[in-house]
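Contents: one structure, followed by commentary.
The values are calculated or read from the model by the stated rules, or taken from the named source; none is laboratory data. Quick caveat: nothing in here was measured; it's all calculated off a predicted structure. Cβ coordinates were reconstructed from backbone atoms using ideal geometry, including for glycine residues, and neighbour counts include every protein chain displayed.
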Protein chains: 2
Amino acid sequence: MGLLVRVAQRSRHMTFSSVRLISSFRADELQIRLTNTPSVKPDNDKLKFGAHTSDHLLEVDWTEKHGWSAPVIRPVEPLRIHPAAKVLHYACELFEGMKAYRCVDGKIRMFRPMENMERMAASAGRSALPAFDTTELLKCIKKLIAVDQEWVPYSEKCSLYIRPTFIGTEPALGVTYSNEAKLFVIVGPVGPYFPTGMKPVGLLADPQYVRAWPGGCGNFKMGSNYAPTVSVQATAAKLGCQQVLWLYGDDHEMTEVGTMNLFVYWINEQGEEELVTPPLESGLILPGVTRKSLLNLAREWNEFKVSEQTLTMATFVKAVNEGRVKEVFGAGTACIVCPVNRILYQGEELHLRTMDDPEHLTQRFYKEINDIHFYRKPHEWMEPIEEDVSEAVRKFSAQ
Amino acid sequence: MGLLVRVAQRSRHMTFSSVRLISSFRADELQIRLTNTPSVKPDNDKLKFGAHTSDHLLEVDWTEKHGWSAPVIRPVEPLRIHPAAKVLHYACELFEGMKAYRCVDGKIRMFRPMENMERMAASAGRSALPAFDTTELLKCIKKLIAVDQEWVPYSEKCSLYIRPTFIGTEPALGVTYSNEAKLFVIVGPVGPYFPTGMKPVGLLADPQYVRAWPGGCGNFKMGSNYAPTVSVQATAAKLGCQQVLWLYGDDHEMTEVGTMNLFVYWINEQGEEELVTPPLESGLILPGVTRKSLLNLAREWNEFKVSEQTLTMATFVKAVNEGRVKEVFGAGTACIVCPVNRILYQGEELHLRTMDDPEHLTQRFYKEINDIHFYRKPHEWMEPIEEDVSEAVRKFSAQ
């Protein structure tokens, strides 16, 4: 990889603690090396989430001494990581999850990508990883999608999952910021979350397991939020639940569902029809792009009250018992929405209505967002990529 | 690496959630491949913590399908890790920190290594990584130290730092347990934590930053506990403090110091001389080996009261103001003990006595543990390694 580094015009600040002025890599310095051995693409009906990687990845390296190197698109191969690298010991890592769709007009588009870019920059600040120009990263990601455009499924049920990742690679065991880092992006086709129609899930709500807490990092997409959840998820599975409903505090605040944001659609105590999701201010909630989009849509519809407020289990159980809870669902990039029909809480099962009826809100959101994704309903949220990469490839081949 | 896998006699259970019967790797299957290009060892007076890696590492791979492979000692080279590996996204990783010393009788010994092995097994269970036979791992680590025995400093001030690490390597983006894993151990020489005599540190105690919480993983040595602390540490540095005093809860419980356990030596409210450290039951405290050893020593001395109990800032500040706090220090593998002379709390500086006097408890602990480490005071805590590896090397060379 070339070590040529140019100083970008813009510089950015760390968002959390230390203020370091750092130049960014630039998309116009992108180098492309294509594979000679492209993989066979999996059938659309056999796609498993996160199991398939396309032929190429995007990679940009940073060192404190030399700043950012030129971004490179190259064949997917194992990364060479020193065994003392901070990412392997202190979880110096963060990621994003986003998608691109092959729309009904044949164009490939991404869903609100700058939302993910800005969240990634915030996670980098919290992780003491270097800043970068988010618009430059998005340009590079679009090039990667263009290079691997045949990996975007020809299907209105499937999509290309995009995983930007940022790791600290300095080979030194001190618990401090990493003076070397690698930003990379892998992509791969994913199938529909519900191949045979929406399937509601059951949740384990046990206050002994806590995902995030005030003063922690629950509102950033850092790897460290996920490792602690894996064995809790296994516990939920043993109890016949598909996901965990994460509670917090003595009053058992309902915070998130598995790796999704939580939504409750109910008649509130004032008798109003209301969609509620926990607020971001607590620092316990990941600011999900799907969460934000559903709030945007519901407020635009203006058919019922839309609130970001704390929900406790006591309030919720009361509402269930009084027949006021209409729907509960998780929201995230993988599934868009995921209905909940059962919550196991303090040894009792709360049964919730399911929502196969297309009139139901969960279904309506699902259809609306899907229509936007595939551009059946054109929307400014969808951002096209430039499919033609021949110039960039030619430029590289000439070097 | 050979893929020969034999089924061990013993099998072990996951400690946390799922119960999986898993065979272990075995030390008698160890394969050794020596480097042809040994590195130049750094001077003892230029050692920086965690910056130097010896010539060889120990590596053992596991897959759900094939179980553990034979352990291998091989030259240190970058690990080849798939960009979709769970360790890079979800912090599927844990580690240990331990030391070996070149003792005054010329033998190399480790300090209480089974304590670290058992804690590592517990961390693996919490991380949904596979179980292994801890005694077999220790045997393999001893072989690694024997192979790199010239890296154990010839000095009564330096030691060999040992870093067992365990990562989930499955290349799949689902947030679930890893069906592939790699356990590896690197070692490297480290200098004295205080090259020019014990230097007290100042602490930032700000309740807005929280290291661990009930229902989390603060009592396991998982990578996910560390990433969130790095930018907080940077904030402390900006305020002129060397470390963070981690507080928890509305009553500002004092929990840990940086990456160390906390000790307070004071006259308690009942007028008794007492050594206090926060209790393990809360789940907020890492069960440190140095912590345990200091408690063991103090209880053996039987000269003052020794307590594991919760300390709040209110109680502590009152004691400081009443002149009852004699010493405050952190305890850990890197420094043994680290005296604290200043705490910045709610905009005010609490000044604590420093302890240059060898009569002081911090100094006494430091000397006592050092005497044990270097076998000036022979102690059962010190476990010798078998320095002769010629047979193992011969066996490998013959293959």
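Structure notes:
- If you go through the range A:63-89 and keep only what is of a type in the set (A, V, I, L, M) and away from chain B (no Cβ under 11 Å), you end up with A:ALA70, A:VAL72, A:ILE73.
- Looking across the range A:187-201 at every residue that is within 14 Å of another protein chain (Cβ to nearest Cβ) and part of a loop (DSSP other than H, G, I, E, B), the one that is surrounded by the fewest Cβ atoms within 10 Å (Cβ to Cβ) is identified as A:TYR193.
- B:ALA334 fulfils the conditions (1) in contact with a Ser or Thr (Cβ under 8 Å, 6 or more places away or on another chain); (2) closer than 25 Å to B:VAL244 by Cα; (3) at pLDDT 95 or above except for a single criterion, (3).
- Among the residues making up the range B:319-335, those that are free of Cβ contacts under 8 Å to residues at least 40 places away in the same chain and either crowded, with 16+ Cβ neighbours inside 10 Å or among the charged types (D, E, K, R) (or both) are B:VAL320, B:GLU322.
- Residue in the range B:23-62 that is farthest from the other protein chains (Cβ to nearest Cβ), counting only those that are of a type in the set (D, E, K, R) and in a loop (DSSP other than H, G, I, E, B): B:ARG26
- A:ALA392 being of a type in the set (A, V, I, L, M), in contact with a Lys or Arg (Cβ under 8 Å, 6 or more places away or on another chain) and either at pLDDT below 95 or at positive phi (or both): yes
- Hits in the range A:112-139 (condition: of a type outside the set (A, V, I, L, M), under 27 Å from A:ARG33 (Cα atoms) and under 18 Å from the mean Cα position of the chain (by Cα)): A:PRO113, A:ASN116, A:THR134, A:THR135
- Looking only at the range B:176-186, and only at residues there that are within 7 Å of another protein chain (Cβ to nearest Cβ) and more than 22 Å from the chain's Cα centre (by Cα), the one that is farthest from B:PHE365 (Cα to Cα): B:THR176
- Among the residues listed as B:PRO83, B:PRO164, the single one being under 30 Å from A:GLY97 (Cα atoms), surrounded by 21 or more Cβ atoms within 10 Å (Cβ to Cβ) and of a type outside the set (A, V, I, L, M, F, W, C): B:PRO83
- From the list B:LEU280, B:LEU297, the one residue that fits, being within 23 Å of the chain's Cα centre (by Cα) and under 18 Å from B:GLU359 (Cα atoms), is B:LEU297.
- A single member of B:LEU173, B:LEU204 is facing another protein chain (nearest Cβ under 10 Å), hydrophobic (A, V, I, L, M, F, W, C) and buried (at least 20 other Cβ atoms within 10 Å of the Cβ), and it is B:LEU173.
- Taking the criterion of being surrounded by fewer than 21 Cβ atoms within 10 Å (Cβ to Cβ) and closer than 17 Å to A:ASN219 by Cα, the only residue of the range A:239-249 that qualifies is A:GLY249.
- Scanning the range A:236-279 for residues that are touching a helix residue (DSSP H, G or I) at 6+ places or on another chain (Cβ under 9 Å) and over 21 Å from A:VAL201 (Cβ atoms) gives A:ASP251, A:ILE267, A:ASN268, A:GLU269.
- Screening B:TRP68, B:TRP62 for residues that are in contact with a Pro (Cβ under 6 Å, 6 or more places away or on another chain) and aromatic (Phe, Trp, Tyr) leaves exactly one candidate, B:TRP62.
- Scope the range B:342-352; condition at pLDDT below 95 and under 28 Å from the mean Cα position of the chain (by Cα); matching residues: B:LEU352
- B:LYS182 being assigned by TED's automatic domain parsing to the domain that holds B:LYS65, at pLDDT 95 or above and basic (Lys, Arg): yes
- Subset of the range B:231-248 that is part of a helix (DSSP H, G or I), hydrophobic (A, V, I, L, M, F, W, C) and within 22 Å of the chain's Cα centre (by Cα) - its residue that is nearest to the other protein chains (Cβ to nearest Cβ): B:ALA234
- Test: residue in the range A:126-143 that is within 10 Å of chain B (Cβ to nearest Cβ), within 30 Å of A:PRO228 (Cβ to Cβ), out of contact with any Asp or Glu (no Cβ under 9 Å at 6 or more places or on another chain) and of a type in the set (A, V, I, L, M, F, W, C): yes
- Counted residues, the range A:90-106 - those being out of contact with any strand residue (DSSP E or B) (no Cβ under 6 Å at 6 or more places or on another chain), more than 7 Å from chain B (Cβ to nearest Cβ) and surrounded by 21 or more Cβ atoms within 10 Å (Cβ to Cβ): 0
- Residue ranges of strands (runs of 3 or more DSSP E) in the range A:277-381 with at least 3 members farther than 26 Å from A:SER123 by Cα and not assigned by TED's automatic domain parsing to the domain that holds A:MET117: A:325-332, A:336-345, A:348-351
- Selection within the range A:150-170: residues that are touching a His at 6+ places or on another chain (Cβ under 8 Å) and β-branched (Val, Ile, Thr). The member of this set that is nearest to the other protein chains (Cβ to nearest Cβ) is A:THR165.
- Residues being surrounded by fewer than 19 Cβ atoms within 10 Å (Cβ to Cβ) and at the interface with chain A (Cβ under 10 Å from one of its Cβ atoms) - total across the range B:250-281: 0
A quick yes/no check of all residues on (1) assigned by TED's automatic domain parsing to the domain that holds A:THR169; (2) surrounded by 22 or more Cβ atoms within 10 Å (Cβ to Cβ); (3) over 28 Å from B:THR235 (Cα atoms); (4) hydrophobic (A, V, I, L, M, F, W, C):
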| site | (1), (2), (3), (4) |
| --- | --- |
| A:VAL60 | yes, yes, no, yes |
| A:ALA70 | yes, no, yes, yes |
| A:ILE108 | yes, no, yes, yes |
| A:MET117 | yes, no, no, yes |
| A:LEU137 | yes, yes, no, yes |
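- Total residues in the range B:208-227 satisfying the condition of being within 26 Å of B:GLU348 (Cβ to Cβ) and either in a helix (DSSP H, G or I) or more than 7 Å from every other protein chain (Cβ to nearest Cβ) (or both): the figure is 2.
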